[in-house]
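Comments concern the structure below.
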Amino acid sequence: DTGVSQDPRHKITKRGQNVTFRCDPISEHNRLYWYRQTLGQGPEFLTYFQNEAQLEKSRLLSDRFSAERPKGSFSTLEIQRTEQGDSAMYLCASSLVGGLQETQYFGPGTRLLVL
Amino acid sequence: AQKITQTQPGMFVQEKEAVTLDCTYDTSDQSYGLFWYKQPSSGEMIFLIYQGSYDEQNATEGRYSLNFQKARKSANLVISASQLGDSAMYFCAMSLLSGGYQKVTFGIGTKLQVIP
């Protein structure tokens, strides 16, 4: 049983470029979450999918951010026209529907640095 | 709005000793969950332990136990017999059901360093 995987692990880009991250959840998990973690902070919720449907988006997710989960399997998070403030760790988590005790399992994250 | 407070930016513990990491939370909901995650320098968040708001007994998972004091709104993590591999950031988190999904709020974390 493989855990959540994310690709790439590290990304350095220049301001104004577009970047795309991929997350592969645990295979039987139907929920997928994206978080952003900046230095010295805990993860902050960005968006959530149940199967292929994106059901919730945080106000942190500006219109430069878009996420997809085609066919309810892997997910991609794209940031257009990157800004230096986008530099952060982007974490993906997956879970099975299960109420409050539903445990989110996280991937290793993608560290983004915008120069 | 829900809030998690972790007041210890950093903690040191001697190997093989026990350590308590503090966490307090704030919510007006009666039904919620409390989690602890470990984040090594590699970045991955590792699930450690869960406590439900209606659970009467404190949760335990191996060397980890959660000291749940509902009236004080605290959910401290106790790590017994510390090991060098326990050195990491530790995050307390609270989950609420919001619009059918689990909304999780994290604290800012405590950095634990285990000294040989």
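The values are calculated or read from the model by the stated rules, or taken from the named source; none is laboratory data. What you see is a predicted model; the values in this text were computed from it and never measured. As a convention, Cβ positions derive from the backbone with ideal geometry for all residues, glycine included, and neighbour counts pool all protein chains shown. With ligands, DNA and RNA removed, areas are computed over all heavy atoms of the protein, side chains included. Shrake-Rupley method; radii C 1.70, N 1.55, O 1.52, S 1.80 Å.
For a paramagnetic label modelled at 7 Å from the Cα of B:GLN14 toward its Cβ, which residues of region B:77-116 fall within the zone defined by backbone nitrogen distances under 12 Å? Label zone hits: B:115-116. Dividing the C-alpha radius of gyration of region B:24-73 by 2.2 N^0.38 Å, with N its residue count, gives 1.26. Taking 17 Å as the straight-line reach from the Cα of B:LYS111, the aspartates and glutamates in range (excluding those fewer than 8 positions away in the same chain) are B:GLU15, B:GLU17, B:ASP22, B:GLU44, B:ASP86. Which of A:SER95, A:SER62, A:SER87 moves the most in a Gaussian network model of chain A with Cα springs under 10 Å? Maximum among the listed residues: A:SER62.
Express the C-alpha Rg of region A:65-115 as a ratio against the empirical globular expectation 2.2 N^0.38 Å, rounded to two decimals.
Working: Rg = 13.6 Å, N = 51, 2.2 N^0.38 = 9.8 Å.
My calculation over the Cα atoms of region A:65-115 gives 1.39.
In the context of the full set of protein chains, residues of chain A present 50 Å² of accessible surface per residue (probe radius 1.4 Å, heavy atoms only). The value obtained for chain B, namely the Cα convex hull volume divided by the number of residues, is 101 Å³ per residue.
Within 10 Å of each Cβ in peptide B:39-47, how many partner chain Cβ atoms are there on average? Round it to a whole number, please.
Details: counts 7, 1, 0, 3, 12, 9, 14, 3, 5.
Shielding by partners across B:39-47 averages 6.
Subtracting the Cα-Cα distance of A:LEU115 and A:HIS10 from 0.36 nm times their residue separation leaves 36.4 nm of extension gain.
FRET efficiency for the A:ASN18 to A:SER58 pair, using the beta carbon distance and R₀ = 22 Å, is estimated at 0.60.
Of the trypsin sites (Lys or Arg not before Pro) found in region A:34-115, those that fall in a DSSP loop while having at most 12 other beta-carbon atoms within 10 Å are A:ARG59, A:ARG81.
The Stokes-Einstein estimate for chain A, based on a Kirkwood radius over Cα pairs and taken at 37 °C with 0.692 mPa s viscosity, is a diffusion coefficient of 233 µm²/s.
Taking N as the number of residues in the protein assembly as shown, what value does Rg over Cα atoms divided by 2.2 N^0.38 Å take? If you can, show how the numbers build up before the last one.
On the way: Rg = 17.6 Å, N = 231, 2.2 N^0.38 = 17.4 Å.
Against the empirical 2.2 N^0.38 Å value, I get 1.01 for the protein assembly as shown.
Residues within the reach of a label modelled at B:ASP26 (point 7 angstrom out along Cα to beta-carbon, backbone nitrogen below 15 Å), restricted to region B:61-88, are B:72-74.
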